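Taken together, the values in this text are just the output of simple stated rules run on the coordinates, not laboratory data. Being a predicted model, the structure only gives us computed values, none of them experimental. Heads up, the Cβs are rebuilt from the backbone with ideal geometry, glycines too, and the neighbour counts pull from every protein chain shown.
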Amino acid sequence: MKFAEALKIIEGGFMVNFEHAGDGFLRSDYFPDKHAGEKLIETESEAWELAKKFANNTFGRCVNIYVTKSDFVPVDNYREKMIINRLFNKQRVER
C-alpha cells in the first residue's frame, strides 16, 4: 500500500468550514476540530446536512458555510452548494 493511500484511510472524513461575521471582519473556523483529535464526519452528505442545520441556527452570524475533505480542500462543486447565510439574503436554508 502506498503511503498516500494509508493516510487517506487514517485521516479520511469531512469537515464543515465557515466564517464568523458581525464584528466587521470575517474569521474562518471549522468543525469538527481535526487538530484536537475530534472524529471527522464520515460522509460528504452527512457533512452537508450538518452544515444546513448549523446555518439555520447561526443565520447572519456564521456565513459562507461549505464542506471540505480532511486535508482542508473543498469538496467538488462546493461553490454551487455553499450556504451564504447572510442577512441580505433573508432566506434560511431550505435545501
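Assorted remarks:
- Mean-square fluctuations from a GNM of the chain, with a 10 angstrom spring cutoff on Cα atoms, peak among Glu42, Glu19, Glu80 at Glu80.
- Alpha-carbon Rg with Dmax, taken over the chain, Å: 14.2, 50
- Farthest positive-ward along the chain dipole, Cα basis, beta-carbon charges - from His20, Leu40, Thr68: His20
- In straight-distance terms, cross-link reach from Lys53 covers every one of the aspartates and glutamates whose alpha-carbon lies under 17 Å from its own, apart from those fewer than eight places away in the same chain; here that gives Glu19, Asp29, Glu42, Glu44, Glu94.
- Relative contact order of the chain, pairs being alpha-carbon contacts under 8 Å that are 6 or more residues apart, as %: 29
- The helix-based estimate of mean residue ellipticity at 222 nm for the chain, built from -39,500 (n - 2.57) per DSSP H run of four or more residues and divided by its residue count, is -8000 deg cm²/dmol to the nearest 500.
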